[in-house]
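First comes the structure, then the notes that go with it.
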Amino acid sequence: MSTLLETIELDSAPNPTVSIIWMHGLGADGNDFVPLVKELDLRGCPGIRFIFPSAGTMPVTINNGYVMRAWYDILVSDLVRREDENGLRASQAQIEALIAREKARGIPASKIILAGFSQGCAMTLQTGLRHPEALAGLMCLSGYLPLADKTAAERTPASLNTPVFMAHGVADPVVQIARAEQSRDLLTGMGYQVEWHTYRMQHSLCQEEINDIGAWLKKVLA
């Protein structure tokens, strides 16, 4: 990929030693989770560079071909019966380019977290499980594991050392809780350490979840 994705960056302290690359959901952009940073309790954490990339635009099949920001096309409502493998892999390459830039800026893989909501969660797992080095963590919010039938063959041995945080709303009508539970079970079955949380909410975030994210960040960055 010759050009890097547009990003918004926010440092929690000067000279950060950790990077969090946080992917938005379908139809949103890099601004979506910027306000969340000030809500996180980061006391005791090292300086963090938050990076919020914006996906490119494309027609989205399930939305009648409407052009919007998307990491990949959504072809069917159950998300997985037919998947946009080419789109998933193209966005994976773009996220890998952002990881490479962080390494070039002096942040090792062991201090890089991938995070994402909905489609962004899918991209977190798509990229993080295939990365050749162990990352600091994968934060997976209200999403699912894409290309699940190919993950076992394509995931890297190093990725088994990457902790996974999964959070989901029990009343989510977009990515139903059963889809997320299936993803969780596939990951734990492959040997991943998954911290699993559910909340009384739909396809969104809540304060309890924000508190749990802060606690998990402190744990994996300790």
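The values are calculated or read from the model by the stated rules, or taken from the named source; none is laboratory data. Predicted model, so just to flag it, every value in this text is computed and none were measured. Positions of Cβ are backbone-derived with ideal geometry, glycine not excepted, and every protein chain shown enters the neighbour counts. Please note that ligands, DNA and RNA were not included when accessible areas were found on the heavy atoms of the full protein model with its side chains. Shrake-Rupley method; radii C 1.70, N 1.55, O 1.52, S 1.80 Å.
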Right, Val67: touching a Ser or Thr at 6+ places or on another chain (Cβ under 7 Å), β-branched (Val, Ile, Thr) and farther than 30 Å from Ala215 by Cβ or not?
-> yes
Boolean, Leu79 is in contact (Cβ under 8 Å) with a residue 24 or more places away in the chain, open to solvent by less than 10 Å² (accessible area, probe 1.4 Å) and within 19 Å of Glu181 (Cβ to Cβ) = no
Just a yes or no: is a residue in segment 1-21 over 21 Å from Leu221 (Cβ atoms), in contact with a Leu (Cβ under 8 Å, 6 or more places away or on another chain) and open to solvent by 50 Å² or more (accessible area, probe 1.4 Å)?
-> yes
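With a cut-off of at least 3 residues that are under 20 Å from Ile20 (Cα atoms), of a type in the set (A, V, I, L, M) and touching a residue at least 24 places away in the same chain (Cβ under 8 Å), name the helices (runs of 4 or more DSSP H) lying wholly within segment 138-222.
207-221
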In this structure, does Val164 turn out to be under 21 Å from Pro132 (Cα atoms), of a type outside the set (Asp, Glu) and in contact with a helix residue (DSSP H, G or I) (Cβ under 7 Å, 6 or more places away or on another chain)?
-> yes
Of the residues in segment 93-147, those that are open to solvent by less than 10 Å² (accessible area, probe 1.4 Å) and under 16 Å from Glu9 (Cα atoms) come to Ile95, Leu98, Ile99, Glu102, Ile107, Ile112, Ile113, Leu114, Ala115, Gly116
What are the residues in segment 47-60 that are surrounded by 15 or more Cβ atoms within 10 Å (Cβ to Cβ) and not hydroxyl-bearing (Ser, Thr, Tyr), if any?
-> Ile48, Arg49, Phe50, Ile51, Phe52, Pro53, Ala55, Met58, Val60
Residues (within 9 Å of the chain's Cα centre (by Cα), of a type outside the set (A, V, I, L, M) and assigned to a helix (DSSP H, G or I)) located in segment 97-129 | Gln119, Gly120, Cys121, Thr124, Gln126, Thr127, Gly128
Checked against (1) within 17 Å of Asn211 (Cα to Cα); (2) free of Cβ contacts under 8 Å to residues at least 24 places away in the same chain; (3) not hydrophobic (A, V, I, L, M, F, W, C), Thr57 satisfies every condition except (1)
